[in-house]
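The values are calculated or read from the model by the stated rules, or taken from the named source; none is laboratory data. Bear in mind the structure is a predicted one, so any value in this text is a computation, not a measurement. Glycine also receives a Cβ, built like all others from the backbone with ideal geometry; neighbour counts cover every protein chain displayed. Just the protein is used for accessible areas: all its heavy atoms, side chains included, with ligands, DNA and RNA removed. Shrake-Rupley method; radii C 1.70, N 1.55, O 1.52, S 1.80 Å.
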Amino acid sequence: MLAGKRIVLGVTGGIAAYKAVEVCRRLVDAGAHVVPVMTAGAEHFIGRTTLSALASEPVQTSLWNEASPIPHTRLGQTADLIVVAPATARLLAAYAAGLSTDLLTNTLLATRAPVVVCPAMHTEMWEHPAVQANIATLRSRGVHVVEPESGRLAGGDVGAGRLAAPDVIVGAIEAVLADGPWVGQHVVVSAGGTREPIDAVRVIANRSSGKQGYAIAAEAAARGAKVTLVSTVDLPVPAGVQVRPVETAAQMQAALQELAPTAQLVVMAAAVADFRPVQAAAGKLKKDLGVPQIVLEPTPDILAGLGAVKPQGQILVGFAAETDDLVANAQSKLQRKRLDLIVANDVGAPGVGFQHDTNAVTLLRADGQSSSVELTDKRSIAKVVLDTVNEIRGATHNTAT
Ligand code: C5P
């Protein structure tokens, strides 16, 4: 996606400038040609050498460069994308007003390439009406804004304004540059384990971390899809992903019944509880009243319900966490739940499934084809899942025509 793309990385003068180094490294790792441009303010926070050592070209800082008399037009015209990370309030104001005071602002005005700005500043500044008005102006002109996160800021303050994480910024860049079959598709992913209340404080839960579902959501968004993630966990939200927080199987079912009908792909990566207490106690069950009898009832099978009403052309993907008879069990779930694809993992094997950053899976398709992926990171598994969905679509299309 980013391979061979020429990306101008603008860095302005905020403490978050040090994170631009990581953004640069990730872009270069993804195969992009990165041309860094630093403002005078940025040079107070990081050295030119740091960025130059990682980037594809030396850092540029000045309009007055003897070797290239008009560097801003060359930079602006040859860029596939310009990203400004971090973008200070000053940069946003200058860009919104069309002020060309230095190499970066000149380059932003001298380009027709897509622009991504990643604001970072103190909460008071970020929430100031002048800054918000500038953001609105830039958005109305088609500039992509990667919103700052809430968290710890310089000086120990806590609030909104912290630069988005480097992987979120890189994900946003990938999504802007994406082309191909996923652009504009609606993808719904569920992630995490449901929590079924026993009383006001206790729940029946499971060990699912949600990492595999988040990786699928991030990969689909990076390919240009509009992604909704129905989640029980609080992990960093990938760029371009809308999160619908839920806790119980009933809430997850309601969210999916609402979202799935318009989705081209639904991936149920969540670990849904199979049983829940018939009734949750209103207060906290008292220990001195003795061991409680908790009566359980089955939860609805959300995925089977989606399979029964699956719209024409939608691809439905389930997961099967197994400890034995992996393929046979997964195969029967594939058929029973009317899925197009099931991703089976042997959760008893080392490094596989729940809570790990890695996974190893067997993919079984409704058309009988199957494949396996050896132990790898969950993002790589996500890529294989989406590539397999593409293959299924291609096969269906070829059969239909
Ligand atoms: O039957 P089993 O729980 O092993 O099936 C796993 C798949 O079914 C997963 O994709 C899971 O998200 C989904 N599931 C569901 N509703 C349930 C139980 C599982 O959607 N109540």
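Looking at the stretch 335-349 only, could you name the residues that are within 9 Å of the ligand (Cβ to nearest atom) and over 19 Å from residue 324 (Cα atoms)? Spell out the reasoning first.
Initially, the stretch 335-349 is screened for residues within 9 Å of the ligand (Cβ to nearest atom), giving 336-337, 339, 342-343.
Once the filter is applied, which keeps residues that are within 9 Å of the ligand (Cβ to nearest atom) and over 19 Å from residue 324 (Cα atoms), the stretch 335-349 yields 337, 339.
Among the listed residues 376, 358, 388, which satisfies the condition of being more than 25 Å from residue 274 (Cβ to Cβ), crowded, with 18+ Cβ neighbours inside 10 Å and touching a Ser or Thr at 6+ places or on another chain (Cβ under 8 Å)? Don't jump to the end; show me each part of the working.
On the way: 376 fails: crowded, with 18+ Cβ neighbours inside 10 Å; 358 fails: crowded, with 18+ Cβ neighbours inside 10 Å.
Just one listed residue meets the conditions, 388.
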- What residue, of 272, 267, 233, 243, is touching a Ser or Thr at 6+ places or on another chain (Cβ under 8 Å) and either of a type in the set (Lys, Arg) or within 14 Å of residue 300 (Cα to Cα) (or both)? 272
- Item | Matching residues, the stretch 70-93, being open to solvent by 10 Å² or more (accessible area, probe 1.4 Å), under 18 Å from residue 14 (Cβ atoms) and touching a helix residue (DSSP H, G or I) at 6+ places or on another chain (Cβ under 7 Å) | 89, 93
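Can we say residue 160 is under 17 Å from the mean Cα position of the chain (by Cα) and away from the ligand (no atom under 16 Å from the Cβ)?
Numbers: under 17 Å from the mean Cα position of the chain (by Cα): no; away from the ligand (no atom under 16 Å from the Cβ): yes.
In short, no.
With the condition being in contact (Cβ under 8 Å) with a residue 60 or more places away in the chain and crowded, with 19+ Cβ neighbours inside 10 Å, I'd like the strands (runs of 3 or more DSSP E) fully within the stretch 202-276 carrying at least 2 qualifying residues.
Numbers: elements: 226-231, 241-245, 265-268.
The strands (runs of 3 or more DSSP E) meeting that bar are 265-268.
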- Message: Take the residues in the stretch 308-334 that are of a type in the set (A, V, I, L, M) and near the ligand (Cβ under 9 Å from one of its atoms); name whichever of them is modelled with the lowest pLDDT.
- Response: 321
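Residues checked against (1) hydroxyl-bearing (Ser, Thr, Tyr); (2) out of contact with any strand residue (DSSP E or B) (no Cβ under 7 Å at 6 or more places or on another chain); (3) open to solvent by less than 50 Å² (accessible area, probe 1.4 Å):
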residue	(1), (2), (3)
34	no, no, yes
68	yes, yes, yes
95	yes, yes, yes
100	yes, yes, no
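So that you can scan it fast, the table gives a plain yes or no per residue for (1) within 16 Å of residue 268 (Cα to Cα); (2) over 21 Å from the mean Cα position of the chain (by Cα); (3) among the small types (Gly, Ala, Ser):
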site: 316; (1), (2), (3): yes, no, no
site: 349; (1), (2), (3): no, yes, yes
site: 363; (1), (2), (3): yes, yes, no
site: 375; (1), (2), (3): no, yes, no
site: 387; (1), (2), (3): no, no, no
- Item | Any hit, the stretch 251-268, residues being within 15 Å of the chain's Cα centre (by Cα) and within 27 Å of residue 394 (Cβ to Cβ) | yes
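Looking at this structure, is residue 84 in contact (Cβ under 8 Å) with a residue 24 or more places away in the chain and in contact with a strand residue (DSSP E or B) (Cβ under 6 Å, 6 or more places away or on another chain)? Step through it out loud before you land on a result.
On the way: in contact (Cβ under 8 Å) with a residue 24 or more places away in the chain: yes; in contact with a strand residue (DSSP E or B) (Cβ under 6 Å, 6 or more places away or on another chain): yes.
Here the answer is yes, as residue 84 does meet what is asked.
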- Note on the structure: Residue hits (the stretch 279-300; within 16 Å of the ligand (Cβ to nearest atom) and open to solvent by 70 Å² or more (accessible area, probe 1.4 Å)) are 296, 298
- Looking only at strands (runs of 3 or more DSSP E) that fall completely inside the stretch 282-401, which ones have 2 or more residues that are touching a residue at least 24 places away in the same chain (Cβ under 8 Å) and polar (S, T, N, Q)? 358-365
